[in-house]
Amino acid sequence: MYGPEQQRQYYARTKEYLAGAVALPAAEQLPELRSLLRYHEWRYYVQNDPVLSDYDYDRLYKQLEALETEYPELITPDSPTQRVGSDLSGDFESVPHLVPMLSLGNSYNAEDLAEFDRQVKRMLNMEEEVPLAYAVEPKFDGGTIALVYENDRLIRAATRGNGVLGEEITHNARVIRSVPLTAAFSHYGLYRVELRGEVIIRKDRFEELNAERAAAGLTLYANPRNTATGGLRMKSPTEVADRKLEAFMYSFGYGTDEAGNDAVQALGTHTHALDVLTELGFKVPATGYERAAVPDIAAAAAFCTQWETDREAYPYEIDGMVVKVDDLALQERAGYTSHHPRWAIAYKFAARQATTTLLNVEYQVGKIGTITPVAKTEPVALAGVMISSVSLHNEDFIREKDLRLGDKVLLERAGDVIPYIVKPLEDLRDGTEQPIVWPLSCPINQTDEEVLLVRAEGEAAWRCPVCVCGAQNLQRIIFHVSKAAMDIDGMGRRYVEQFYELGWLRTIVDVYRLPYDQIAELEGFGERSAENLRRSVDTAKQNPLWRLLYGLSIHHFGKKATQLVAQHIEHVLDLADWTEEQFLHIKDIGPTVATNVTAYFANPLHLEQLRELEALGVNVRPTDEDRPAAEVTEGPFVGKTILFTGSLQQLSRKEAQERAKAAGARIVSAVSGKLDILVVGEKPGSKLKKATSLGTVRVLTEGEYLELV
Ligand code: IVH
């Protein structure tokens, strides 16, 4: 349908429109925008493989909509704006909705919402300053459903279809457990009702279904949303039931009494209408969690942004929130456009996918010489931040994805905040893309000396084995001062880079002899900050020994291993005499660590550095923190787990715990099958209940406990 050359042109042109770089008369822009949108609809709905994020699609759509609003005489019936999305296929019988099902307008930030609030107030002839109450709830990402109840019975269910006609899917809806087959609407004077809702699938159920399909060798479902919409429209209700779909109801579309008079308005507010649906046994977003009734638009925006942060932890896919005028009478007064209600708006979360161009690959070197390729891309907004650099991890990643310079790539930023390249858009290649040639020698090194990279067997990373340019040292210093290692308060990557540039830092030893008087002179510093920095460095000099060992950046010598080794020496330089054997005698220390640490301490330069560190006052001996707490082998609670609950009267919680430890117990924080003893103070809560129900926990009063210890 669309050839590769045409697709490339469409993509490039789309980007120009999105960048606001098209200056043509409306009469020329309109047909072009329409063809671009049609192309993207085809990629999305037909190919199931969009090259544009939803967010960018919406922006493009809005450009068309705005132009058409300005020039209504240029609207054509085949414009993408002239249809509401349709899922009619002919496989099901078409039925008219009691009231047309419209779409929602979109907003993307608090300002958009504030503008929406102003517009609503204008429609209602309200003063802008008067607060207007809203209801806010998740915008579920599944398939729309309309349920018709008559005389308290479910008589019909339909998909959204084209908004006017839906597909009749009553048999399928009846197997969705959260759709009640009967509901006591008559208690509220309602005889004939059409409810609107969204059919969705839990994310974990989706994963489970796909795992089953993978095991059976079937193709996997693309995403939870398609699994839900596809589920609604299957031929066999038994198969529908197997998907375990759920239906969240979010509004009354229609509701009349026996005489045919409206009986929804009497419910007063949207919030109350949802409370009633909850009462009647429907699955409805829960108050205080999923939905909120808020006094004004600012509070609505705050609720939306909070949800944007929390969305990953939510068990269902949502693509935004919906903000609705809460008062039903005001909704009625605000009315509708042909496309959406004027009293509601979707607050769309920032897209987590975007497409851009891979321009170049740069390389970074880590503290142990690992070379990491980093893609430099054309800047693009992704989930609210501008991205222009994306890690490519290692050579294999580039090969497996067959990435090339000049490729259009799909970026994603999911639960993880770190963006990654999902895939190159191969259809958009024009033959000018260039292979990414993996370097044989260290790409960071600017000196004349060439250093060949090495790749250890079984490892994905290429490393620069001997750093002649100092780049690794910089990374080592950054790690050395970091929270994980020496934890030097106030000295982050930025200062290290600045001091390194100035030539004050060459190795980790220099961290402890910084020229504070010169630092005080630096722009943005001053006496105070220089003094604070000096104090932080001095404090860090007293660190336990494991932090120093960890801060040396010895390959594979991790936190746990440094802590173990620190317990077995009296002075850091003892390790200069240690053999690999000796390391292996320590439980949990393996041969890789043994070899690497021995090699490190065999290097006289390293020993010299450690002597200098000692001379500068850095602690090189184990401290109390390094030595393990003596294991208690005697006492009433040896080997037992203990938990305190309720308020203790004679001891503080801390004292009680200290005594328990001294008596050999291990403190735990929750009641489980592994709990041995529960000590209860006054007003114990659910923990006591749970412990009692387990039947295996020994419950002691504070008095009984004191007697035992
Ligand atoms: S209210 C008159 N509330 O979003 C239209 N819609 O563009 C009022 N959706 O496919 C819609 N969650 O099914 C509303 N809490 C919610 C929603 C919601 C999901 C869907 C709806 C439709 C689309 C509207």
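Since every read-out is calculated from the coordinates, none of them should be taken as a lab result. Note that the structure is predicted; figures quoted are calculated from it, not measured. Every residue, glycine as well, gets a Cβ built from its backbone with ideal geometry; the counts of neighbours run over all protein chains shown.
Remark on region 486-586: Rg and Dmax equal 16.5, 52 Å (Cα only).
A cut-off of 5 Å between modelled amide H atoms, ignoring neighbours fewer than 5 places along the same chain, links residue 296 with 134. Remark on residue 105: its backbone amide H falls under 5 Å from those of 346, a criterion applied only to residues 5 or more positions apart or on other chains, H modelled at 1.01 Å from N. Let me make sure I get this right: for region 416-494, a, b and c are the square roots of the gyration tensor eigenvalues over alpha carbons, sorted descending. Under 1.5 in a/c it's rounded, otherwise prolate if a/b > b/c, else oblate. Which is it? Oblate is the answer for region 416-494, as a/c is 1.5 or above yet b/c matches or exceeds a/b.
Sorted largest first, the principal axis extents computed over the alpha-carbon atoms of the chain equal 95, 78, 59 Å.
Once you reduce region 563-622 and region 224-269 to the center of their Cα atoms, the two points are 68 Å from each other. Amide H contacts under 5 Å for residue 377: 359, 389, 390, restricted to partners 5 or more places along the chain or on a different chain, H placed in the peptide plane at 1.01 Å from N. Only DSSP H runs of four or more residues enter the estimate; each adds -39500 (n - 2.57), and after division by the residues of the chain the mean residue ellipticity at 222 nm equals -10000 deg cm²/dmol. Charged side chains reduced to their Cβ positions (Lys and Arg at +1, Asp and Glu at -1) give the chain a dipole of some 1420 debye around its Cα centre. Projecting each Cα onto the charge dipole of the chain (Lys/Arg +1, Asp/Glu -1 at the beta carbon, about the Cα centre), which of 77, 566, 20 comes out farthest on the positive side? Of 77, 566, 20, it is 566. Over 22 Å between Cα atoms: which of 367/483; 559/674; 541/654 fall into that group? Over 22 Å Cα-Cα: 559/674; 541/654.
Considering only the Cα atoms of region 284-411, their convex hull presents on average a projected area of 12.4 nm².
Taken one residue at a time, the phi angles of region 515-522 give Karplus couplings (6.51, -1.76, 1.60, θ = phi - 60°) of x, 4, 5, 6, 4, 4, 7, 5 Hz. Gly and Pro are set to x. Shape analysis of region 564-621 places it in the oblate category; the axes a ≥ b ≥ c from the Cα gyration tensor give an a/c of at least 1.5, with a/b not above b/c. A simple charge model with +1 on the Cβ of Lys and Arg, -1 on the Cβ of Asp and Glu and nothing else charged puts the dipole of region 278-361 at about 240 debye relative to its Cα centre. On full extension, the segment bounded by residue 208 and residue 220 gains 3.2 nm, given 0.36 nm per residue less the C-alpha separation.
On the principal axes of its alpha carbon atoms, region 89-137 extends 51, 24, 17 Å, with the longest extent given first. The distance between label points at residue 567 and residue 469 comes to 4.2 nm (points 7 Å beyond Cα on the Cα→Cβ vector).
Remark: 178, 553 ranked as 178, 553, counting other beta-carbon atoms within 10 Å and listing the fewest first. The lysines within cross-link reach of residue 139, meaning a Cα-to-Cα straight distance under 30 Å and a gap of 8 or more places when in the same chain, are 15, 62, 121, 203, 235, 244, 283, 324, 348, 423.
Projecting the Cα atoms of 341, 354, 389 onto the dipole axis of region 339-404, where Lys and Arg carry +1 and Asp and Glu carry -1 at the beta carbon, places 341 farthest toward the positive end.
For region 545-683, the dipole from Cβ point charges (+1 on Lys and Arg, -1 on Asp and Glu) about the Cα centre works out to 820 debye, to the nearest 20. Taking a ≥ b ≥ c as the square roots of the Cα gyration tensor eigenvalues, with a/c under 1.5 meaning rounded and otherwise prolate when a/b beats b/c, else oblate, which class fits region 189-310? Oblate.
Distance between the modelled labels on residue 666 and residue 599, one decimal in nanometres: 3.6 nm (7 Å Cα→Cβ projection). Computed from backbone phi with θ = phi - 60° and the Karplus coefficients 6.51, -1.76 and 1.60, the 3J(HN,Hα) list for region 438-449 is 6, x, 8, 10, 4, x, 8, 4, 9, 7, 6, 6 Hz; x is used for glycine and proline. Counting only residues at least eight positions apart within a chain, or on another chain, the aspartates and glutamates with an alpha carbon under 16 Å from that of residue 683 are 702. Cα centroids of region 1-76 and region 306-324: 28 Å apart. Here the Kirkwood formula, the inverse mean of 1/r across different C-alpha pairs, assigns region 618-709 a hydrodynamic radius of 14.2 Å. Against the chain, whose longest principal axis comes from its Cα atoms, helix 26-41 is set at around 70 degrees.
I'd like to know which of 211, 256, 136 lies farthest towards the positive end of the charge dipole of the chain, counting +1 on Cβ of Lys and Arg and -1 on Cβ of Asp and Glu. Positive-most Cα among the choices belongs to 211.
All other residues whose Cβ lies under 13 angstrom from that of residue 59 are scored, Lys and Arg at +1 and Asp and Glu at -1, for a net of -3.
Note: relative contact order over the chain, using C-alpha pairs below 8 Å and six or more positions apart, is 9 percent. Sorted largest first, the spans of the alpha carbon positions of region 43-166 along the three principal axes are 49, 42, 30 Å.
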